[in-house]
Amino acid sequence: MGADGSPAAQTFEGRQEMTSAALTSAVAKLRESGAVMRMTEEASQQVQETFDGDPTGDERMIMNMGPQHPSTHGVLRLMLELEGETVLRVKPVIGYLHTGMEWTGEELTYLQGPTNVTRMDYASPIFNELVFCLTVEKLLGVEVPERATWIRMLMAELNRMASHLLFMATNGMDLGAVSMMLYGWREREEVLRFFEMVTGLRMNHNYIRCGGVAADLPDGWRDHVLRLLDMIPPRLDEYDTLMTGQPIWRDRLQGVGAITAEECVALGVTGPILRSTGYAWDLRRDDPYLAYDEVDFDVVVGTYGDCFDRYAIRLNEIRESIRIVRQVLDKMPKGDYRVQDRKVTPPPRARIDESMEALIHHFKIFTEGFKVPEGEAYCAVESPRGELGCYIVSDGSSHPYRMHIRAPSFVNLQSLPHMMHGGLIADGVAVISSVDPIMGEVDR
Amino acid sequence: MADDPATAVADDAREDAHEQPAEPELLYGAPVTWMRGQQVIHPSRADAKAVLKSARDDGFLMCIDIAGVDYLTFGERSSAEGSERPIVSPTAIPVDELRRRRSLPEGITPDRFEVVINLLRFADSSRLRVRVQVPADDPTFPTVTDLWFGADAMEREVFDLFGIEFTDHPDLSRILMPEDWVGHPLRKDFNSGRIPVQFKGDPSGEGS
Amino acid sequence: MAKEGGLLDEGLEGLNHNFLTGQLENLIKWARYRSVFPATFGLACCAIEMMAAGGPHYDLARFGMEVFRASPRQADLMIVAGRVSQKMAPVLRQIYDQMVEPKWVISMGVCASSGGMFNNYALVQGVDQVVPVDVYAPGCPPGPETLMHAIMTLHEKIKDGELTKRRGAGKGAGLVIEQRDGQTGGGRGLEQPVLLSRS
Ligand code: SF4
């Protein structure tokens, strides 16, 4: 009720909500809990009778968790059916952060596009810009200068570190290791400082642009990165001391929320969750983009597919990223940081002052944008959360006709009901945290 | 990723579309086109299920993505360049021209909607894109959740934003928009476009 | 029992400790602005910056503000950090209603303040259509410094504002999203304002 007695705002979502167990068929129930993936449909049909014969006990209740709940990472809402403290069924209800970004993406020119997509996955904005620009470049058929490619790799790997550090912080927080919250942020802040130095912003950078990057790396970047790379590994070792070997931490995570590789593949789950099952699938290695085939790194995999593996994978991926960044530092070529194609990128700032033609090009690019030939393309990169894809349809104008983002968190969320089934609520929090969903990306 | 996409020239698409009829290539019984080095197949809606099934049996184990596209106003913006969304009218572009611009192979009639399914084969890291035409007067599509369970949420999203109904989907309901929402927002004729930004005085009405 | 000396015999002279006089109002305001408890209402990218503000570098604890309460009942400041979608707006309103008076709202980021760059069907174009806002923090995202500035501004506001009557009946969030041209046909198709629980 509102403060003055009027009915409070409702959050009824109709069919999106979970129906009570008594009204749900056994097949649907089994499907929600993921059993259908292991059983054939016929076998689950046979279970129907026994399953439905089970009267809805008084112990059962349907509970709502979220959308404003501190451990749901933003505005995820879960409908839970519980028996005591055991989770029987879970249904994620999403859309509370639906921003219509795909719509807005069709309203903005290709030049403005990265501004829009960078706000999707706000923990790893660089990847969103990257995948958008890769797709547009594929449509345009331009080749990005080598230096731009390596700058992109540098930024992407640093962003992966920042994103995983954020995961370390929130994962620790969700499980009661509150000091991790402070440590994770402390390290992440160091990475953000570098980002601020390069892009001017702490997040939502709009740094990667079609045809290259927005600006060259500033003076002193190398020292800054080196300082970063020296500072972080000892702190990761601290995390190891604090969490990895700690019995409470292990008890909380080991064996919780286990999933197998087959189930991941059936559900479309990618990224650290898929790798935690022992399936070494990483687009950086298996479908290389940028110049990942020229650097040396390991794909970290787990064994059991549980929360602990997912935590350990992310921790070690930070180390792998550091390895990659070191190689990037060694190999960073000289040259242009964006293509010198007057149709795609603005002319250098200095030339605008002297050349009328350059001024016109500059003006045209920023008012009208550049035209992209008709066609459609799909590109994918390995974001910290899994396969991040972008599908663009162009009708030959300067705006995308259709811009669709394949968001890893959106798909990965589907594994929640399966992983939480049969566990305790407290374990459920560990599972949500280990999926590491970013709601901006889920809802777009 | 057969040929190097970076070297492709801008009117690659046109070449693709023109060369294709000369030697019709079939994959799982559906015509194939290559778009910027990416393989695309175009089954009809009736065949789609069978084609997708053979694709899955052929190793495309993961359904990466399902996207809807509404081609209602395709090409209008490029002819009348402007930032405002054009007023909806049936496009007057001839079918052949439209087919070429939408890079569809010969024999496929362009329809208003399209369901685009991206598949991934782990064995050789290859990708396959399936584009299926869905007519405006009957926006339905057979669900693929029985082939790839993970298509569940993606189909719900396409249903929510485009109103394409996936028949036999286990739980077809809105996923992103509120349940009482009217219309499907990513359709090009969805009309509630921009809400003017309202700048107001202090909402307390009393100053601070 | 009367002691020798003391207040009764010698008046103020007889006191053996110091004291301050002041208006009760000022005292209450002082107490209020020194211990504002924010509710966690992280929505989108801005929430990350809000959390960063609570983190070790920026350290909101300096202002007595570090305790983010998960329960709205224990909070008196709502920092709306991020974009508010049509689906979230009723929830937001409900949580606002659950907070006890006195309560304040900071609208963090351009999305919360005006819809920002997302002028489309999905977002509420300004959270002030749903709840009354006291301070708007500009930026996309507003850095932790900007948020702190907003918080300091709010402190000033609490310190200098009125103690009891913050808004009259029927004022406040009783705002209406007006139906405009071109807005029929889609969306909720309502003649009534989209979000309104208080008249
Ligand atoms: S104002 Fe910017 S940073 Fe904040 S929620 Fe909106 S898009 Fe994100």
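A few notes on this one:
- Within this structure, A:E357 fails the test of being under 28 Å from B:D70 (Cα atoms) and either charged (D, E, K, R) or surrounded by fewer than 24 Cβ atoms within 10 Å (Cβ to Cβ) (or both).
- Meeting the requirement of 3 or more residues that are touching a residue at least 12 places away in the same chain (Cβ under 8 Å), the helices (runs of 4 or more DSSP H) wholly within the stretch A:254-367 are A:261-267, A:272-276, A:283-286, A:307-331, A:356-367.
- Checked across the stretch A:232-250, the condition of being aromatic (F, W, Y), crowded, with 16+ Cβ neighbours inside 10 Å and touching a strand residue (DSSP E or B) at 6+ places or on another chain (Cβ under 9 Å) holds for no residue.
Let's see how each residue does on (1) within 14 Å of chain B (Cβ to nearest Cβ); (2) within 30 Å of A:Q414 (Cα to Cα); (3) modelled with pLDDT of 90 or more:
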residue	(1), (2), (3)
A:R209	no, no, no
A:R227	no, no, yes
A:D230	no, no, yes
A:W249	no, yes, no
A:G255	no, yes, no
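- Some residue of the stretch A:101-114 being in a loop (DSSP other than H, G, I, E, B), without any contact (Cβ under 8 Å) to a residue 40 or more places away in the chain and not β-branched (V, I, T): no
- Taking (1) away from the ligand (no atom under 16 Å from the Cβ); (2) buried (at least 24 other Cβ atoms within 10 Å of the Cβ); (3) of a type outside the set (D, E, K, R) in turn, A:T367 satisfies each apart from (2).
- Selection count, the stretch C:131-144, where residues are within 16 Å of the ligand (Cβ to nearest atom) and under 17 Å from the mean Cα position of the chain (by Cα): 7
- Unique match (being within 16 Å of the ligand (Cβ to nearest atom), at the interface with chain A (Cβ under 8 Å from one of its Cβ atoms), closer than 30 Å to A:V117 by Cβ and small (G, A, S)) among C:A53, C:A47: C:A47
- For the stretch A:196-253, filtering for residues that are in contact (Cβ under 8 Å) with a residue 12 or more places away in the chain, part of a helix (DSSP H, G or I) and not hydrophobic (A, V, I, L, M, F, W, C) leaves 11.
- Scanning the stretch C:7-21 for residues that are in a helix (DSSP H, G or I) and aliphatic (A, V, I, L, M) yields C:L7, C:L8, C:L12.
- Looking across A:L158, A:L130, A:L108, one residue alone is among the hydrophobic types (A, V, I, L, M, F, W, C) and either closer than 26 Å to A:M419 by Cβ or surrounded by fewer than 24 Cβ atoms within 10 Å (Cβ to Cβ) (or both). It is A:L108.
- In the stretch B:134-162, of all residues being of a type in the set (S, T, Y) and either crowded, with 24+ Cβ neighbours inside 10 Å or more than 10 Å from chain A (Cβ to nearest Cβ) (or both), the one that is nearest to the chain's Cα centre (by Cα) corresponds to B:T140.
- Condition check for A:R147: assigned to a helix (DSSP H, G or I), without any contact (Cβ under 8 Å) to a residue 60 or more places away in the chain and assigned by TED's automatic domain parsing to the domain that holds A:G211: no
- Number of residues in the stretch A:369-404 that are acidic (D, E) and either closer than 15 Å to B:R131 by Cα or more than 7 Å from chain B (Cβ to nearest Cβ) (or both): the value is 2.
- Where A:L140 falls short, out of the listed (1) within 16 Å of the ligand (Cβ to nearest atom); (2) under 30 Å from A:K334 (Cα atoms); (3) within 8 Å of another protein chain (Cβ to nearest Cβ); (4) surrounded by 23 or more Cβ atoms within 10 Å (Cβ to Cβ): (1)
- Residues in the stretch C:72-130 that are within 13 Å of chain A (Cβ to nearest Cβ), closer than 20 Å to C:T153 by Cα, in a strand (DSSP E or B) and within 12 Å of the ligand (Cβ to nearest atom): C:I79, C:V80, C:A81.
- For the criterion of being at pLDDT 80 or above and closer than 17 Å to A:I392 by Cβ, B:D65 passes.
- Among the candidates A:L182, A:L165, the residue that is surrounded by fewer than 24 Cβ atoms within 10 Å (Cβ to Cβ) and either under 17 Å from A:I432 (Cα atoms) or more than 14 Å from chain B (Cβ to nearest Cβ) (or both) is uniquely A:L182.
- Here is the figure for the stretch A:387-410: residues that are in contact with an Asp or Glu (Cβ under 8 Å, 6 or more places away or on another chain) and over 20 Å from A:G369 (Cβ atoms) total 7.
- Whether a residue is assigned to a helix (DSSP H, G or I) and surrounded by fewer than 21 Cβ atoms within 10 Å (Cβ to Cβ) was assessed, and A:R152 does not pass this test.
The values are calculated or read from the model by the stated rules, or taken from the named source; none is laboratory data. No experiment lies behind these values; they were computed from the predicted model shown. Neighbour counts run over all protein chains shown; Cβ positions are idealised from the backbone, glycine included.
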